[in-house]
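The values are calculated or read from the model by the stated rules, or taken from the named source; none is laboratory data. All values reported here derive from a predicted model rather than from experimental measurement. Using ideal geometry, Cβ is built from the backbone for each residue, glycine included, and neighbour counts are taken over all protein chains shown. Heads up: the accessible areas ignore ligands, DNA and RNA and are worked out on the full protein's heavy atoms, side chains in. Shrake-Rupley method; radii C 1.70, N 1.55, O 1.52, S 1.80 Å.
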Amino acid sequence: CPYCFDSPELPKHMIVAVGKKVYICLPSFQSLSEGHCLIIPIQHHCAATLVDEDIWDEIQMFRKALVKMFEDKDLDCVFLETNVSMKKRFHMVYECIPLPKELGDVAPIYFKKAIMESDEEWAMNKKLIDLSLRDIRRSVPKALPYFSVDFGLQGGFAHVIENEYKFPRYFGKEILGGMMDLEPRRWRKPMRENFEDQRKKVMQFAQWWKPYDCTKE
């Protein structure tokens, strides 16, 4: 698994922060926007609905610090989790993508519309689950695959995936990429960056992150 902390496949030079149970790294391919990062459990866990409380709390601690960091740069950020199949046991990735404030303001409208139009026309489960009052752990049953989006510190929406073959893994990134006017290949087939570009990106992020680093407390 390329995300397990002790895996030889994990590009260690992309890691920017390590907590007790969770770490942050940058994508080894071209970022969707500057500051695009991934919050990932150190051990192999498959979904936010399945992790222990202490892991969840640490993910939220990182989320708060990132929101503050981007806020001070006058940016909003959106958090995505896409869990297309419980059977395949993919490693959980909680993805943070910053975007300009004026796009952040309208992001919930775009996501709501896209979720309503996604997947199967006739759904077994409620199409759109509101996460503003109850987080994903109290909104989606443990065994079900789902997509979730949160807007900064605001709970956003979740959608239970009915048909994993009809629900693209890049669903959330496609919506954001469309809002930011990016070329579709940026989320469909993102290009792997060379080592030098990766290093620059990591150094820049590390500089941004330093004053907000919640692992130092």
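Only one of (1) assigned to a loop (DSSP other than H, G, I, E, B); (2) open to solvent by less than 20 Å² (accessible area, probe 1.4 Å); (3) in contact (Cβ under 8 Å) with a residue 40 or more places away in the chain; (4) not small (G, A, S) fails for Y3. Which number is that? That leaves (2) as the condition not met.
Residue-wise test of (1) within 20 Å of the chain's Cα centre (by Cα); (2) at pLDDT 95 or above.
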| residue | (1), (2) |
| --- | --- |
| W187 | yes, no |
| R192 | yes, no |
| F195 | no, no |
| Q207 | no, yes |
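Beta carbons closer than 8 Å, at least 6 apart along the sequence or on distinct chains, pair a first residue in the stretch 30-46 that is touching a residue at least 24 places away in the same chain (Cβ under 8 Å) and on the phi > 0 side of the Ramachandran plot with a second that is open to solvent by 10 Å² or more (accessible area, probe 1.4 Å) and part of a strand (DSSP E or B) for G35/L75.
Within the stretch 1-59, being hydroxyl-bearing (S, T, Y) and in contact with a strand residue (DSSP E or B) (Cβ under 7 Å, 6 or more places away or on another chain) holds for Y3, Y23, S28, S33.
Filtering the stretch 40-54 to residues that are of a type in the set (A, V, I, L, M, F, W, C) and open to solvent by 10 Å² or more (accessible area, probe 1.4 Å) leaves I42, C46, L50. Filtering the stretch 69-82 to residues that are in contact with a Leu (Cβ under 9 Å, 6 or more places away or on another chain) and open to solvent by 10 Å² or more (accessible area, probe 1.4 Å) leaves L75, D76. Which one is most open to solvent (accessible area, probe 1.4 Å), of the residues in the stretch 87-125 that are basic (K, R) and outside any helix (DSSP H, G or I)? Checking each candidate, the answer is K87.
Filter the stretch 128-168 for residues that are among the charged types (D, E, K, R) and either assigned to a strand (DSSP E or B) or surrounded by fewer than 16 Cβ atoms within 10 Å (Cβ to Cβ) (or both) and give the result. The answer is D130, R134, R137, R138, K142, D150, K166.
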